[in-house]
Amino acid sequence: MTNRGKPLADDDPRHGTSNGYGNHGCRCDACRSAHAAAHSAYIKRQREAGRVMGTHGSSLAYDTGCRCDECRLAHNARSVEKKRRQRARRARNS
């Protein structure tokens, strides 16, 4: 059983790893950073291999290299929504 969303103990060897984030649900800064780096490297490998993931018209396809109009529009829409959520979160926290 995992403790989803609760940080791992500081002395846990899985702390600060992508495993801590993905399999154990730790969301501390160290685990988030490790997961972000691992995910970024994975997407980069997919793009370099020429693999387009997802379906056309999705932000995932754009992130893995497709630049068709449908994928570009989906990516832009996702970016706009993400920025809207960030602004709303900042407004709530001010």
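The values are calculated or read from the model by the stated rules, or taken from the named source; none is laboratory data. The shown structure was predicted, so the numbers you read here are calculated from the model rather than taken from an experiment. Please note: Cβ atoms are built from the backbone with ideal geometry, for glycine as well, and neighbour counts cover all protein chains shown.
Here are some notes:
- Thr55 being of a type in the set (Ser, Thr, Tyr), over 16 Å from the mean Cα position of the chain (by Cα), surrounded by fewer than 13 Cβ atoms within 10 Å (Cβ to Cβ) and modelled with pLDDT of 90 or more: yes
- Residue in region 35-47 that is outside any loop (DSSP other than H, G, I, E, B), surrounded by 14 or more Cβ atoms within 10 Å (Cβ to Cβ) and among the aliphatic types (A, V, I, L, M) present: yes
- Of all residue pairs spaced 6 or more apart or on separate chains, those with beta-carbon atoms under 6 Å, a first member in region 28-39 that is of a type in the set (A, V, I, L, M) and a second member that is not in a helix (DSSP H, G or I) are Ala30/Gly16; Ala34/Gly16; Ala34/Thr17.
- So Ala88, is it touching a helix residue (DSSP H, G or I) at 6+ places or on another chain (Cβ under 6 Å) and either modelled with pLDDT under 90 or hydrophobic (A, V, I, L, M, F, W, C) (or both): no
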